[in-house]
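One structure is given here, and the rest of the page talks about it.
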Amino acid sequence: MSVTQQQVLDCLARVRSPRGVALTEANVLSDITVNDGKVFFSINVDAQEARAWESVRAEAESAVRAIPGVTAAMIALTAERKAGGAPPPPRPAGGVKPVSAHRHPTQPPGGSPMSRQAEIPGVGAIIAVASGKGGVGKSTTALNLALGLRDLGLKVGLLDADIYGPSVPRLTGIREKPELTEDRKMIPIPRFGLSVMSIGFLVEEDTAMIWRGPMVMSAITQMLRDVVWGTLDVLVVDMPPGTGDAQLTLAQNVPLKGAIIISTPQDLSLIDARRGLAMFRKVNVPVLGIVENMSYFQCPHCGTKSDIFGHGGARHEAERLGVPFLGEVPLHMAIRVSSDAGNPVVVSEPDGPHAAIYRAIGAKVRDQLKGVIAAA
Ligand SMILES: Nc1ncnc2c1ncn2[C@@H]1O[C@H](COP(=O)(O)OP(=O)(O)O)[C@@H](O)[C@H]1O
Ligand SMILES: [Mg+2]
């Protein structure tokens, strides 16, 4: 049974705005995307009223999820501060620069930044895998690192928060959608012993979605908190690439215990990596270290190594910046082919050299989380 946009609208007409009018009459709805049982839209309100709207958002989402045939619904609350509105809230302690107030739709006025950073019950440590730009192998590393941590005996989850290009469905070969619990929380999909959740399960990978700052945060908050993660030692978050406002907001809002920066050895990429480092420092998230990906080229036929990108740049940079260097991953066919086939190299060649590298990186990460997670 396929769900229609009209069914969604009919359902939303029964939800009331804080002022009592039907949601469909309140002039706040974005376009509604209905795709194969998945419903996605945003409610756009003035920042001053955002708090009053949060329960309406939740109610609308429950109502949409209850429509027969709806397999997933994601409704983002986006709040825009109108020109000439109230000044932004005071800077939080620690010299953290606020990313203009309108990017925090759910933040209570004057509330402590910690309230947005409430821990996820049952989850030991949330760590971000980040990169200054796309295409450096962030997702490949995030997944294989998660698997490396799994091999060390930890219970691991993977959250693909890269709203600009969710690639975890492809990298894991997961085609199904998450099921819902009775109270309508999403159940992560088990794969390779990991609990996996991706924004790509809810929107198509190739759907051109234009995400604005507040929408990003709202979507990610739901991916974190409306999911039954169960008990995890570590939740690895594949972050959106870059160091713009959306990424900074995310780093500020997710209760991160640390961040790992992925860089290729090229200078240009290192500049981006430095920006990533600066971003996490700004929001007081410890940088657990840098991984140099595509560090050197290893010929799949003869095994010869060549430093086509000037290998070692990230190691020097890490030393210079005083952050741990976590390891070098070669540019190797097996890594690309296995990733693209949905069968990551740590799973497809568990006894091979690449799996060993990812496990070694995992061990360094685990050691840094000692005292934070019980199993470390
Ligand atoms: N070490 C590596 N060796 C070979 N190919 C790699 C390696 N790391 C990543 N890739 C490939 O590079 C492409 C981009 O990697 P991906 O992890 O999707 O990057 P990002 O998440 O940073 O955009 C993918 O096709 C992936 O298979
Ligand atoms: Mg990616």
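Laboratory data are not the source of any read-out in this text; all were calculated from the coordinates shown. All of these numbers come straight from a predicted model, not from anything done at the bench. With ideal geometry, Cβ positions are generated from the backbone for all residues, glycine too; neighbour counts draw on all protein chains shown.
Other residues lying with their Cβ under 13 Å from the Cβ of ARG150 contribute a combined charge of +2, Lys and Arg counting +1, Asp and Glu -1. Stretched out straight at 0.36 nm per residue, the stretch from SER30 to ILE271 would grow longer than its current Cα-Cα span by 83.0 nm. Computed over neighbours whose Cβ is under 14 Å from that of GLY322, the net charge equals +2, Lys and Arg +1, Asp and Glu -1. The distance between label points at THR4 and ASN284 comes to 5.4 nm (points 7 Å beyond Cα on the Cα→Cβ vector). Going by neighbour counts of Cβ atoms within 10 Å, the residues PHE40, PHE201, PHE192 line up, fewest first, as PHE192, PHE40, PHE201. The Cβ shell under 14 Å around HIS311 holds other residues with a net charge of -3, Lys and Arg each +1, Asp and Glu each -1. Full extension of the chain between VAL337 and VAL228 gives 36.1 nm of extra length, using 0.36 nm per residue less the Cα-Cα distance. Given a Förster distance of 22 angstrom, what is the FRET efficiency for LYS185 paired with SER55, based on the Cβ-Cβ distance and rounded to 0.05? Calculated value: 0.85.
The packing ranking, built from the mean of other Cβ atoms within 10 Å per residue, places the peptides 292-305, 135-148 in the order 135-148, 292-305, highest first. Over all pairs of different C-alpha atoms, region 218-376 has a mean inverse distance whose reciprocal, the Kirkwood radius, equals 17.1 Å. One way to sum up the overall shape of region 137-266 is the equivalent ellipsoid from its Cα gyration tensor, whose semi-axes run 20, 19, 15 Å, largest first. Globularity index of region 253-323 is 1.26 (Cα radius of gyration / 2.2 N^0.38 Å, N = number of residues).
Within straight-line reach of LYS370, meaning a Cα separation under 21 Å, sit the following lysines at least 8 residues removed in sequence or on another chain: LYS155, LYS257.
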